[in-house]
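These notes are about the structure you will find just below.
The values are calculated or read from the model by the stated rules, or taken from the named source; none is laboratory data. Since the structure is predicted, the reported quantities are computational estimates derived from the model, not experimental observations. Here the Cβ is made from the backbone with ideal geometry for all residues, glycine too, and neighbour counts use every protein chain on show.
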Amino acid sequence: MEIIIALLVGAAVAALAVYVAIKPKLEQDAAEIERQNHERIEKAKIKAKEIELEAEKKALQMEEKAVKNERENRAQLEKTQVRLDAREESMDKKQEDFDKKLQDLREKEERVTKLQEELEQMKGKESEKLEKVAGLSKEQAKEQLFKQIEELSQTDIKKKIVEEEEKAKEISQEKARWVITQAIQKYAAEVSSDSTVTVVNLPSDDVKGRIIGKEGRNINAFEHLTGVDVIVDDTPNSIIISGFDLLRRYVAKQALERLVEDGRIHPARIEETLEKVKDEVSELIRTLGEKAVLEIGISGLHPNLIKLVGRLRFRTSYGQNVLKHCLEVGFLASSIAAEVGANVEIAKVAGFLHDIGKAVDHEIEGNHALIGKDILEKFGMDERICQAVGAHHEDIPPKNLEDFIVMAADAISSARPGARRENADAFIKRMKQLEEIANSKPGVKKSYAIQAGREVRVLVEPEKISDMDMLKLSKSIAQEYEKNLDYPGQIKVHVIRETRAVDYAK
């Protein structure tokens, strides 16, 4: 027991000695830690002060910038207000001038109306006096006067009627030429025609053998899948793709060029390439439609209708590209409508979409004008636009001014030189028909179709056809042409009567 007590006392003494020994060290470490903490706190306070000063500096700069911007904005607003006040003052002055002119015009109109009433009263009184003096009523006197004049001056009256009619024609033709000239001058289109063949350039003539394939396997597969004819002849470094469908030729050309570039030409590869090209062409059609709509400046068309517009790029009529033709007709129709005071937007949209039926006329039976009218009605287009599209070839009777404008713009675009291509046989046949119709009329000695069928000169026998009969003959021939022939533009019928007197001096 004593031993345990002694050990415990020894342990306590040893622990006390250890504590006494390390206490200075512990106090020194604690002081060092406290000093370091104090230094950190002081540094943190300095850093916080610097951040606070930097923030105050930036805030001051932002405040100065905001004040500057506010000053500039206030100055700009003041300038704008000055301009608006000046404009408002100018508008008020114009309104006052307009009201004054309108008032003057109304006063003049009232004076004119009053003068007309007085004139009518004076005419009535004079007529009554004349009837009393002559013993005839106004109608009886008029009838006798016209009868005497007709008996004495029948020829003069006919000549006067002809002169007035010719004068009216000249005035109307001059006005029409002016309107059409203004419209054509505002729009200049390229003169081009699409052919029925497409040439594909090759890097070398060795490629032709791979295109043909063993026993014609490749070329037969290509023609079967594309629906075109591939002509491989002696022309160096090129082959010809033939077909009347422009879209098929385009797809075939793109596919063949890729196959030649790739070098792997076999039926499976041909089919795979054609599928890719067809997908790309579908996207191209949409892009072409959007580009055309943007070019002519029309908005709000249905996306499916825009795709139909793009399909017209791969459709031709007598060699004329239908999409280019539609753009041209749209521009011409809007210009003519602006000149004659019609609805410009209706005329432009109707002119642009007048041949939309040609995009699907090979899929739907019927006339392309009526097909186009049905398509536009399904897409909810304006009734006046649908009417103009359906009437542009008179498949339905035209009734609005815009209908006639679209018809005129279509004729201008189709009849301009180089716009359309006509084969020789059809041209010769039309020229013969022009001369045959004219020669079939009594009193006609000979007729000649000139200027590519745009003018027919008719020579008559002077002893059978008088000067007065010439007018009737020209009208009769023109009406016969309108009834029996299809032609672009107009045909001038020129009747010539020549009398010769021959004698001999002996």
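Take region 338-359 and flag every residue that is in contact with a Leu (Cβ under 8 Å, 6 or more places away or on another chain) and either of a type in the set (Gly, Ala, Ser) or within 18 Å of Val293 (Cβ to Cβ) (or both).
Ala342, Gly351, Phe352, Leu353, Asp355, Ile356, Gly357, Lys358, Ala359
Considering region 233-247 alone, what residues qualify as being of a type in the set (A, V, I, L, M, F, W, C) and surrounded by 16 or more Cβ atoms within 10 Å (Cβ to Cβ)?
Ile239, Ile241, Leu246, Leu247
What number goes with the only condition from (1) modelled with pLDDT under 85; (2) surrounded by 10 or more Cβ atoms within 10 Å (Cβ to Cβ) that Gly135 does not pass?
Of the numbered conditions (1) modelled with pLDDT under 85; (2) surrounded by 10 or more Cβ atoms within 10 Å (Cβ to Cβ), the odd one out for Gly135 is (2).
What about Asp395, is it modelled with pLDDT of 85 or more and out of contact with any Pro (no Cβ under 9 Å at 6 or more places or on another chain)?
no
Taking helices (runs of 4 or more DSSP H) that do not extend beyond region 317-387, which have at least 3 residues that are touching a residue at least 40 places away in the same chain (Cβ under 8 Å)?
Fully inside region 317-387 and qualifying: 322-340, 344-352.
Taking the stated definitions as given, is Ala505 outside any strand (DSSP E or B), aliphatic (A, V, I, L, M), surrounded by fewer than 16 Cβ atoms within 10 Å (Cβ to Cβ) and at positive phi?
Here the answer is no, as Ala505 does not meet what is asked.
Within region 398-420, can you find the residues that are modelled with pLDDT under 85 and assigned to a loop (DSSP other than H, G, I, E, B)?
Arg416, Pro417, Gly418, Ala419, Arg420
Tell me, which residue of region 269-312 that is of a type in the set (Ser, Thr, Tyr) and part of a helix (DSSP H, G or I) is surrounded by the most Cβ atoms within 10 Å (Cβ to Cβ)?
If we take residues in region 269-312 being of a type in the set (Ser, Thr, Tyr) and part of a helix (DSSP H, G or I), then Thr273 is surrounded by the most Cβ atoms within 10 Å (Cβ to Cβ).
Step by step: first the residues of region 385-397, then only those that are crowded, with 19+ Cβ neighbours inside 10 Å and not aliphatic (A, V, I, L, M), then the one that is farthest from Tyr487 (Cα to Cα). Which residue is that?
Cys386
When you check Lys68 against the structure, is it modelled with pLDDT of 85 or more and more than 49 Å from the chain's Cα centre (by Cα), yes or no?
For Lys68, the condition - modelled with pLDDT of 85 or more and more than 49 Å from the chain's Cα centre (by Cα) - is met.
Only one of these conditions is not met by Val230: (1) outside any helix (DSSP H, G or I); (2) out of contact with any helix residue (DSSP H, G or I) (no Cβ under 7 Å at 6 or more places or on another chain); (3) farther than 19 Å from Leu312 by Cα. Which number is it?
The number of the failed condition is (2).
Taking region 443-468 as the region of interest, how many residues are over 42 Å from the mean Cα position of the chain (by Cα) and modelled with pLDDT of 85 or more?
12
For region 248-258: of the residues being closer than 15 Å to Glu223 by Cβ and touching a residue at least 40 places away in the same chain (Cβ under 8 Å), which is surrounded by the fewest Cβ atoms within 10 Å (Cβ to Cβ)?
In this case the residue turns out to be Lys253.
Select from region 401-415 the residues that are closer than 11 Å to Ala337 by Cβ and either small (Gly, Ala, Ser) or more than 18 Å from the chain's Cα centre (by Cα) (or both) and list them in ascending order.
Passing the criteria: Leu401, Ala408, Ala409.
Take the conditions polar (S, T, N, Q), part of a helix (DSSP H, G or I) and over 40 Å from the mean Cα position of the chain (by Cα) and apply them to Thr80. Does it pass?
No; evaluated as a whole, the condition is false for this residue.
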